[in-house]
């Protein structure tokens, strides 16, 4: 509990009234819009770059799989040709 002296001291303090007026609200709005204007394109471009790099990585992986399958099929074709040559003789 507070003593009477402490209550009187608290009551006597002159606290500044820090209510926002219209000008402060307008400034806050402009600052907020400024941040949006500055950072929205960066966020948009970052996400676009991420999704493009993800698609490129997926395509490269698919290409590697197809190249490996192509090598396997060429090897199988060579084996088949070799077997056919021996059968003809």
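No lab work stands behind these numbers, since they all come straight from the coordinates. None of these values were measured; they are calculated from a predicted model.
Computed over the chain, the per-residue total of -39500 (n - 2.57) for DSSP H runs of n ≥ 4 gives a 222 nm mean residue ellipticity of -31500 deg cm²/dmol, rounded to 500. Mind checking the angle between helix 22-88 and the chain's longest principal axis? C-alpha axes, 0 to 90 degrees, to the nearest 10. For helix 22-88, the angle is close to 10 degrees.
In whole Å, how far is the Cα centre of segment 58-74 from that of segment 34-48? Between the Cα centres of segment 58-74 and segment 34-48 lies a distance of 37 Å.
Between 21, 70, 11, the GNM of the chain built on Cα springs shorter than 10 angstrom shows 11 fluctuating the most.
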